[in-house]
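S.K.: I am attaching a structure below and will ask some questions about it afterwards.
The values are calculated or read from the model by the stated rules, or taken from the named source; none is laboratory data. Keep in mind it's a predicted model, so treat the numbers as computed, not measured. Surface areas here come from the heavy atoms of the whole protein model, side chains and all, with no ligands, DNA or RNA. Shrake-Rupley method; radii C 1.70, N 1.55, O 1.52, S 1.80 Å.
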Amino acid sequence: MGRPPPGRGGAGDTAVGYARAQAPTSYGLVFVFAVETVGVSFLLAPYPVAHLVMLPPGLYTVFLVLGLHAAAVTRPHVVGPGGVRVRHRAPLDLRIPLELIARVAVDVRFPDANRSEDGVLDVAVASQTSLTLTLVRPVTAVSLWGERRRVRTVRCHADDPRAAVAAIRALLPAVQ
């Protein structure tokens, strides 16, 4: 049978994608940065040293945006018997045991990135969240840089929030 694809969880797990909302922006940026890199290369062709200095940052920017989008595609949220994993590319991988979930709902919001509510973790994609998990007791979310935060409510984005809610609710009665 083989192993599941990397980042998708194990047997009985459901991948919940969140990258669809950011795809148009990501591909638009890749196009703009590629055109810019080619344009700068043409402009600097008579100046080989300047051309060699400017080409790597231009290519790096194109590949960086592609890599960020690829990370979102290959590291989806995961719902399974072991709980819910809320992920956001590499910086966040929060595991929530099923017994800690009091309520799950489709809840479209546009959180203010400059203001965070106490005890709430907003994992927005394209400036929106569409799924809210209310927890029985707080869990600790650890960022890539080691910043720790105690949260009782987790809001994240899902490409299909209704399917995500159904998958989570299907597992909740087995716990309660």
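S.K.: Angle check, please: helix 23-43 long axis (alpha carbons) against the longest principal axis of the chain (alpha carbons), in degrees 0 to 90, nearest 10.
M.R.: Helix 23-43 sits roughly 10 degrees off the main axis of the chain.
S.K.: Using only protein heavy atoms and a 1.4 Å probe, report how much of residue 123 is accessible, in Å² to the nearest 10.
M.R.: Surface open to solvent at residue 123 totals about 10 Å².
S.K.: One quarter of the convex hull surface, Cα atoms only: what value does that give for region 123-173 in nm²?
M.R.: Reported value for the Cα convex hull: 4.4 nm².
S.K.: Most fluctuating residue of 115, 75, 152 in a GNM of the chain with Cα springs under 10 Å: which is it?
M.R.: With Cα springs under 10 Å in the chain, the top fluctuation among 115, 75, 152 is at 115.
S.K.: Might you work out the accessible area of residue 47 for me, using a 1.4 Å probe with all protein chains in place, and round it to the nearest 10 Å²?
M.R.: 140 Å²
S.K.: Here is a further query. With no solvent and one point on each alpha carbon, what is the Debye value of log10 I(q)/I(0) for the chain at q = 0.14 Å⁻¹?
M.R.: The Cα Debye sum returns log10 ratios of -0.79.
S.K.: If you don't mind, another one. Could you look at the chain and say what percent of its accessible area is carbon and sulfur, using a 1.4 Å probe and all protein chains?
M.R.: C and S fraction of accessible area: 62 percent.
S.K.: Could you work out which residue, out of 102, 158, 124, moves most in a Gaussian network model of the chain, that is, has the largest mean-square fluctuation with Cα springs under 10 Å?
M.R.: Result for the chain, Cα springs under 10 Å: 102 fluctuates most.
S.K.: How much of the calculated P(r) for region 6-90 lies past 23 Å, in percent of all Cα pairs?
M.R.: Looking at region 6-90, the distances longer than 23 Å represent 43 percent of pairs.
S.K.: With a 1.4 Å probe and every protein chain left in place, work out the accessible area per residue of region 57-149 in Å², rounded to a whole number.
M.R.: 54 Å²
S.K.: Take 118, 160 and sort them by solvent-accessible surface of the protein heavy atoms, 1.4 Å probe, largest at the top.
M.R.: 118, 160
S.K.: Given the options 65, 32, 104, which has the most mean-square fluctuation in a GNM of the chain, springs set between C-alpha atoms less than 10 angstrom apart?
M.R.: Answer for the Gaussian network model of the chain: 32.
S.K.: Tell me the mean residue ellipticity at 222 nm calculated for the chain from its helices only (DSSP H runs of n ≥ 4, each -39500 (n - 2.57), averaged over every residue, nearest 500).
M.R.: So the calculated ellipticity at 222 nm is -12500 deg cm²/dmol.
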